[in-house]
1. Could you grab me the full set of residues in the range B:165-216 that are closer than 14 Å to B:ALA100 by Cα, of a type in the set (D, E, K, R) and within 13 Å of another protein chain (Cβ to nearest Cβ)?
2. So which residues in the range A:105-140 are hydrophobic (A, V, I, L, M, F, W, C) and surrounded by 18 or more Cβ atoms within 10 Å (Cβ to Cβ), if there are any at all?
3. If you go through the range B:73-92 one residue at a time, do you hit one that is assigned to a helix (DSSP H, G or I), farther than 29 Å from B:HIS222 by Cα and in contact (Cβ under 8 Å) with a residue 24 or more places away in the chain?
4. Looking at B:GLY399, is it crowded, with 17+ Cβ neighbours inside 10 Å, away from chain A (no Cβ under 13 Å), assigned to a helix (DSSP H, G or I) and not aromatic (Phe, Trp, Tyr)?
5. So which residues in the range A:88-104 are more than 7 Å from every other protein chain (Cβ to nearest Cβ) and not in a strand (DSSP E or B), if there are any at all?
6. Kindly provide the set of residues from the range B:142-155 that are of a type outside the set (A, V, I, L, M), open to solvent by less than 20 Å² (accessible area, probe 1.4 Å) and not in a loop (DSSP other than H, G, I, E, B), ordered by number.
7. Name the residue that is nearest to B:VAL132 (Cα to Cα), counting only residues in the range B:404-441 that are open to solvent by less than 60 Å² (accessible area, probe 1.4 Å), more than 14 Å from chain A (Cβ to nearest Cβ) and of a type in the set (S, T, N, Q).
8. Just the residues that are within 13 Å of chain B (Cβ to nearest Cβ), within 30 Å of A:SER92 (Cα to Cα) and open to solvent by 90 Å² or more (accessible area, probe 1.4 Å), please, taken from the range A:28-77.
Amino acid sequence: MSEHNDVHHTTESSEPISRRKVLAWLTSMGILGSAIVTVFSNLVFIKPRATYGQPMRFSIGTPDEYPPGTRIALGNQKVAVIREGNKMAAISITCTHLGCIVGVADTGFACPCHGSRFDQDGNVTGGPAPKPLPWFELSMAPNGELEIDKSKEITAGKWFTV
Amino acid sequence: MVYRMSDNIQKKSVLSVLLGFPSAVWTSVFRNDLPHTDLGRSRTSFTNFFLHIHPVKVHKHTLRPWFTMGLGLISLFLFLTLTVTGVLLMFYYVPSTTQAYDRMLDLRGSVAFGVFLRNMHRWSAHGMVAVVFLHMCRVFFTGSYKKPREFNWVIGVLLFLLTLFLSFTGYLLPWDQLAFWAITVGTAIAGYAPVFGNEIRFLLLGDTTVGQEALLRFYVLHVAVLPLITTLLIAVHFWRIRKDGGMSRPAEADIVVSTEPTSKTVSAGAPVMAFAGADGINVIEKKRYGIQGLVRGPFTKVGNVPDNSVFSYPNLLLAELFVFILTILGVLLVSFFFNAPLEDPVNILHPPNPAKAPWYFLGLQEMVSYSAFWGGVGIPGLEVLILLALPYFDRGQKGIGVWFSRERLLANTLFMTFVFVNILLIIIGTFFRGQNWEFVSPF
């Protein structure tokens, strides 16, 4: 008799959180969690682990190929190689505004897309570009060829002497 | 006649069974003859899969040509044209940086109607951007986004964005100069998005620069992902029109002054909705019937309230057919006289000067030329958020279903300003910008 009463009492006190509610809650959470995992794994899937573009570090040949006064754009690598006397530099020609390729002239750089202009060292002189064109590290490899490392930005005006 | 034949099949010969075969097949597919009665007209609408999207009856106000100007329908028909021409173009297109441009040239040289199909696809795309925008303007200026149609407005805004994304992903595919630089700029804008900007850009391009991966990704988005989402949202958009009570219309379109005593026309037990007129005297009642009332329309009005609706078959169908023919005719004419532009093949080192996006993105490009973040992300993002949230803030119930209602003067003026500023930016970007995006006079 008393045992029966105890059971009855337990059932009554747990009524606000019924078994049905708990199961419904667990099911909802399970479905929601699965959905989140699905979306996340799909995003991971479409994010490539390897890219097939240009390497960040590449050789551009010997210094003799760039006589003093050279300002030349390398299209595939998207850098301008500049030589003044025996000082050399590699400046990005990807516009810092929206990624167009800036034109290289003796007086500086100009972007045809939205009219950003840069001086000879890549500093912004006009237009919407928010930052100057970055300089990349230029070094001499043991075989006597120049190497540019686009993953390493250096401070503007830091010339490499050949 | 057909039914009589099938009734007698058991008594008749094998020959008559064979003779009855075609009509037996026909009646199994088309359950109704062409309707001549009201019952037939309603059956036609609700037993045909392709027609059941229509209500059996439609309000006369909905059919007024100058109320909707058919802009939503034109958008749909342009979308269908784009689907058909797009699928056809897919038979010849290869999403490869080395082949795509040559395939464009092949359309000119060695594919029957190749240029014409490409023209139709391109001009329909331009048309769809314009018409969807005009449709949005129509819905705003007639106050049609108000309760209970708020959510359908939200879906409409999403459909407008999808239209823009579809056209944006589409114009990378020819792999010409316009394509390449538009995508370079467009994805760079995405890179300015807060927090996840660079991740979004990397996911879109599949690489750090625009190349083969980007072309493939944009192709998949353009031919599969975005059209599927768009189709789904269009279906919801149409479904909501009916569930939200059809097209918006002014209250006057339904309210008719009652002169007789109302009690006579109301049968006992029927739900009655009575509205007090402006002068407090006129009372209108509506009686709702159950399923047996469907033949005369979903809401059968009793008594002296006249029926303001007409059968969708043929009234609405003919209106739609007219809009369809007009749309197709327009696309065909434009495609016949104007060739879709194809610029030089991609030259990674030399953006065209000036590098201009298609006209509908030139307003954005003009803004971007002042500030990449504010022009490309900040202001457009705010505009979209305001458009999405608009029906939940502008909750007044006046001036619904009327063009340029005086009671909505402030809202309409604000929206008109928004429209004009955007058009002005597009005009500046199109005609007043020359080399290096410098200000030039077109005159």
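1. Within the range B:165-216, B:GLU213 is the sole residue that qualifies.
2. Result: A:PHE109, A:ALA110, A:CYS111, A:CYS113, A:PHE118, A:VAL124, A:ALA129, A:LEU133, A:TRP135, A:PHE136, A:LEU138.
3. no
4. no
5. A:ILE93, A:CYS95, A:THR96, A:VAL102
6. Hits for the range B:142-155 are B:ASN152, B:TRP153.
7. Per the stated criteria, the residue is B:ASN422.
8. Selection gives A:LYS47, A:ARG49, A:TYR52, A:GLN54, A:MET56, A:ASN76.
The values are calculated or read from the model by the stated rules, or taken from the named source; none is laboratory data. Here the structure is a predicted model, which is why all the values come from computation and not from measurement. Every residue, glycine among them, receives a Cβ derived from its backbone with ideal geometry; neighbour counts consider all protein chains shown. The accessibility values were calculated without ligands, DNA or RNA, using every heavy atom of the protein model including side chains. Shrake-Rupley method; radii C 1.70, N 1.55, O 1.52, S 1.80 Å.
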